[in-house]
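Student: Please find one structure pasted underneath; my questions will follow.
Read-outs: derived from the displayed coordinates by stated rules, not from any lab. Note that the structure is predicted; figures quoted are calculated from it, not measured.
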Amino acid sequence: MQTDRNPRFAWDSFVSNIFPPLPPVEARDLSGADTALWPFVVYFVAVLLLVATMLGLSWVLGERRANKATNMPFESGVLSVGSPQIHLSVEFYLVAIFFVIFDLETVFIFAWAVAFFELGWEGFIAVGVFIAILGVALVYELSTGALDWGIKSRAGKPDGHPHPEEAH
């Protein structure tokens, strides 16, 4: 028994095992997976053509004048007054993040409600645990004062130095 030790032969047999040769075009069955890809290709090409058309038309038809009013910010017909660099309290961001978190969790609960009968008692118990965890998180946020809008007091504040809002 003779074995061929040629590395090129070994590589060719490895590749042919992974990627078998395609049959001739006439012998292919184009009713299956090959034709299922065509709608995506057509859609992708149509999107690219639409984007190219919109960019081209805006470049051809767009105005090229630049003046002082062109570069000014415009907000609902009201001219801006003052600096756009406003320092907002972190509470605004915390409330926004909490809203997004709890809003996304309602999406999970809605998906469970849609499949309520298929999930059975296991799904009911899982959502019950999920809602309990949400409740614990909400109680924790309330206990730490993350949702309080009143005057904040810092722990370890030196005596004799009142908070700026308390001084008024």
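Student: Using θ = phi - 60° and the Karplus form 6.51 cos²θ - 1.76 cosθ + 1.60, what ³J(HN,Hα) does each residue of the stretch 54-60 get, whole Hz, x for Gly and Pro?
Tutor: Whole-Hz 3J(HN,Hα) from phi for the stretch 54-60: 5, 5, x, 5, 5, 6, 6.
Student: Starting from the Cα-Cα distance between Val60 and Val47, subtract it from 0.36 nm times their residue separation and give me the gain in nm to one decimal.
Tutor: Extending this stretch completely gives an extra 2.7 nm.
Student: So, one more: For the stretch 90-144, how big is Rg over Rh, using alpha carbon atoms and the Kirkwood form of Rh?
Tutor: Ratio of gyration radius to Kirkwood radius: 1.09.
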